[in-house]
Each structure stands twice: as structure tokens, then as C-alpha cells.
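Novice: This is the structure I have questions about; it appears just below.
The values are calculated or read from the model by the stated rules, or taken from the named source; none is laboratory data. Just so it is clear, the structure is predicted and the values come from calculations on it, not from any experiment. As a convention, Cβ positions derive from the backbone with ideal geometry for all residues, glycine included, and neighbour counts pool all protein chains shown. Just so you know, the surface numbers come from the protein's heavy atoms only, side chains and all, with ligands and any DNA or RNA stripped out. Shrake-Rupley method; radii C 1.70, N 1.55, O 1.52, S 1.80 Å.
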Amino acid sequence: MTVVIAIHCIVVEIDKKVLRQGEFKLKGKKPEEVAFTFWKQIKRESSLKLQLQKVLCEGEEITELVRKLEEL
């Protein structure tokens, strides 16, 4: 199954909002696990500090589920 994940974040140093989104195959994983992997990739690619604002999967907000995975 393929889903669209949208991650809204803020570049802390310049207080700018950023949206990154893409289509992902779940491959037996939960949407929040795929979104968390995408979030980690976004942070790795940026040299600036990012703050997670909102995560949407097929229009459903899953931000808190992704934050819980980030805490582990």
C-alpha cells in the first residue's frame, strides 16, 4: 500500500516554515514508522536545526505518534 506523508516543520534559526512530502510504500510497517524514517532523513539532509510541527498521512494527523517514536 502506498501513502502520502507530509511533514511540516520550522527551520529554527530563521523561523521559516517548511513542508516536505512524498509517496511511500508501507511494506508491512505502520504509517508513523515510515513517517519517522522520513523525518530522520529530512533532519540528516539539513545543516540547520528543524522543529517538527505536524505530520499528516493521507490527510490524517499522526504527529503525536511520530513524536513518541522520536522519544525512544
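Novice: Would you calculate a helix-derived [θ] at 222 nm for the chain, using -39,500 (n - 2.57) for each DSSP H run of n ≥ 4 and dividing by the full residue count, to the nearest 500?
Specialist: Rounded to the nearest 500, it is -10500 deg cm²/dmol.
Novice: Sort Arg44, Arg67 by accessible area with a 1.4 Å probe, largest first.
Specialist: Details: Arg44 175, Arg67 75 Å².
Descending accessible area places them as Arg44, Arg67.
Novice: Going from most exposed to least, what order do Ile10, Ile5 have by accessible area with a 1.4 Å probe? Could you put the intermediate results ahead of the total?
Specialist: Values: Ile10 25, Ile5 0 Å².
Listed by decreasing accessible area, they come as Ile10, Ile5.
Novice: Next question, about the same structure. What is the gain in length, in nm to one decimal, between Leu48 and Glu23 on full extension, counting 0.36 nm per residue of separation less the C-alpha to C-alpha distance? Intermediate values should be presented prior to the final figure.
Specialist: On the way: separation 25, 0.36 × 25 = 9.00 nm, distance 2.44 nm.
Extra length from Leu48 to Glu23 when fully extended: 6.6 nm.
Novice: Around Ala35, under 14 Å between beta carbons, what's the net of Lys plus Arg minus Asp minus Glu among the other residues? Don't skip to the answer; put the middle values down first.
Specialist: Values: positive: Arg20, Lys25, Lys27, Lys29, Lys30, Lys40, Lys43, Lys54, Arg67, Lys68; negative: Glu23, Glu32, Glu33, Glu58, Glu60, Glu61, Glu64, Glu70.
So the surrounding residues net to +2.
Novice: Here's a follow-up. Of all accessible surface on the chain at a 1.4 Å probe, what whole percent is carbon and sulfur? Show your work: numbers first, answer last.
Specialist: Working: 2510 of 5060 Å².
With neighbouring chains kept in place, the figure for the chain is 50 percent.
Novice: Additional query: Could you work out the local net charge near Glu60, counting Lys and Arg as +1, Asp and Glu as -1, over the other residues with Cβ closer than 14 Å to its Cβ?
Specialist: On the way: positive: Lys30, Lys54; negative: Glu32, Glu58, Glu61, Glu64.
Every neighbour counted, the sum reads -2.
Novice: Using Cα-Cα distances under 8 Å and only pairs 6 or more residues apart, what relative contact order does the chain have, in percent? Before the final figure, lay out the partial values.
Specialist: Numbers: 107 pairs, mean separation 27.4, N = 72.
Value for the chain: 38 percent.
Novice: Taking the chain as the reference, fit the longest principal axis to its C-alpha atoms, fit the long axis of helix 31-45 to the helix C-alpha atoms, and give the angle between the two in degrees, 0 to 90, nearest 10.
Specialist: So the helix axis and the longest Cα principal axis differ by about 30 degrees.
Novice: In Å and whole numbers, how far do the C-alpha atoms of the chain stretch along each principal axis, longest first?
Specialist: 37, 24, 20
Novice: Just the number please: accessible area per residue for the chain, 1.4 Å probe, all protein chains included, in Å².
Specialist: Working: 5060 Å² over 72 residues.
With the other protein chains kept in place, the chain gives 70 Å² per residue.
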